[in-house]
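First up is the structure itself, then whatever we jot down about it.
The values are calculated or read from the model by the stated rules, or taken from the named source; none is laboratory data. For clarity, every value in this text was computed on a predicted model and none was experimentally measured. No Cβ is skipped: glycine too gets one built from the backbone with ideal geometry, and neighbour counts run over all protein chains shown.
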Amino acid sequence: MRSLAPILALVALLTSCSGPYAPGAVSEAKQAAPALPVKSVTVQLSPLPEVISANGELFAEELTTVSAKVPGRVFKLFADLGSLVKAGDILAEIEKTEYEFRVRQTEATVDQIRARLAIANRPDEEFSAERTATVREAMAALKEARFIFDTTARLQKEGVVSRIEFEKAQVRRDGSEAHYSAVLADVMQLRAQLSERRATLALARQQLDDCTIRAPFTGAVTRRSTSVGEYLPINAPILTIVRQHPLRVRLDVPERLAARIARGQAIEVRLEGSPIVRVGRVVRVSPAIEVQSRSLMVEGEIPNLDGVLRPGSFVQGMITLNAASQGIVVPGNAVVSFAGIERSFVVKDGALEDRIVKTGRRLEPNSIEILEGLQPGDHIVNPASDRMTKGQKVKEN
């Protein structure tokens, strides 16, 4: 106990005397220090559209697997993974030899029937059964038989020919009429066969054309499912193509804000971890609220002409609710953060006033939305420093 007595006496002496370590000495030193030169900006309302932020995912407007419409062996491939294609571009070819022979064979049967119908050198629209050779021959024989019958009938009434000759003429007329009907039926049957062969020819030509596989729309190849030389059955996959422009974004909006969403509103999307920003519009709104998440599904259309955005990417989306609204925006350097608390320094009566602020969006270029803590007309220090303290004397430049 005797060893502590001198120490306690020294402490009592220091606390009782006046000097630079006395109570209030620090504040007095702050008051006596020269004013810190600072620059300040005046807080004012600025155009700041009201938005809703939500996370979402990018989807392709169109994604299709191009398949073989006819069976055959892959002869050529003109695209691969990552290839950019335009609508109508050739993607692959199936061996055509067998289909070319089938077309020639069907063309020969068509020409054969046209020749039998005597229309080999005329278009089908000019076809007339009465103009075919067989029908004209049968018609001539029928006219002759009818003439003979009429003449024989007159002469038989006059008693010139016998009853037997009259009956022979009648039988010849009836036979010619039956032959004419049969020939006409044969010609019409050939005409029907010609229509059938023409349909078969059109199908053969279509199959030959289907050996060339083309891109259904402009996009990019995301998968190759076959190789040259592989035999493919009907509907076997060849390539998968995705449309890159425009893309579709799906966002989940909280139920409390669902009533304010409408088609045509602007959507701004930003890739996570990337400075890329694209602006589109709302094109579809779900008619129902998701029961489990209590959110509204919203779909937007995002332009992607350069193909930078990729389907399947996660994005942060912002839907503009009111483009004419205003808010407080300050330079990013006017807000400092320490221990998770953001604050700004307001110049008032030549001294600093500490304001804790609540920030919102980070805007370009290097600006921050202030939700709480500042009012229009405040003079805030820019740039601010975490070394500044409340009550510190300052001088505005």
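What to note about this one:
- Residue within the stretch 381-391 that is farther than 30 Å from residue 84 by Cβ, part of a strand (DSSP E or B), over 34 Å from the mean Cα position of the chain (by Cα) and not aromatic (Phe, Trp, Tyr) present: yes
- The sole residue among 116, 102 that is surrounded by 14 or more Cβ atoms within 10 Å (Cβ to Cβ), more than 30 Å from residue 351 (Cβ to Cβ), modelled with pLDDT of 85 or more and of a type in the set (Lys, Arg) is 102.
- Contacts under 6 angstrom Cβ, first residue in the stretch 213-231 being in the same structural domain as residue 87 (by TED's automatic domain parsing), partner among the basic types (Lys, Arg), 6 or more apart: 217/243; 218/86; 219/243; 231/73
- Residue that is surrounded by the fewest Cβ atoms within 10 Å (Cβ to Cβ), among those in the stretch 352-370 that are part of a strand (DSSP E or B) and among the β-branched types (Val, Ile, Thr): 356
- In the stretch 119-138, residue modelled with the highest pLDDT [restricted to those that are loosely packed, with under 13 Cβ neighbours inside 10 Å and of a type in the set (A, V, I, L, M)]: 133
- Looking only at residues in the stretch 139-159 that are surrounded by 13 or more Cβ atoms within 10 Å (Cβ to Cβ) and among the aliphatic types (A, V, I, L, M), the one that is farthest from residue 116 (Cα to Cα) is 155.
- Residue 340 meets the conditions (1) modelled with pLDDT under 90; (2) closer than 20 Å to residue 46 by Cα in every case but one. The failed one is (2).
- Qualifying residue in the stretch 307-325 (condition: within 16 Å of residue 44 (Cα to Cα), of a type outside the set (Phe, Trp, Tyr) and surrounded by 11 or more Cβ atoms within 10 Å (Cβ to Cβ)): yes
- Only one entry in 276, 289 is surrounded by fewer than 17 Cβ atoms within 10 Å (Cβ to Cβ) and in contact with a helix residue (DSSP H, G or I) (Cβ under 8 Å, 6 or more places away or on another chain), namely 289.
- 1 or more residues more than 24 Å from the chain's Cα centre (by Cα) and not hydroxyl-bearing (Ser, Thr, Tyr): qualifying strands (runs of 3 or more DSSP E) within the stretch 219-287: 247-254
- Taken over the stretch 309-351, the criterion of being small (Gly, Ala, Ser) and part of a loop (DSSP other than H, G, I, E, B) is satisfied by 312, 313, 323, 324, 325, 339, 340, 350.
- There is no residue in the stretch 341-348 that is under 48 Å from the mean Cα position of the chain (by Cα), acidic (Asp, Glu) and under 30 Å from residue 301 (Cβ atoms).
- Residue within the stretch 160-170 that is under 30 Å from residue 114 (Cα atoms) and charged (D, E, K, R) present: no
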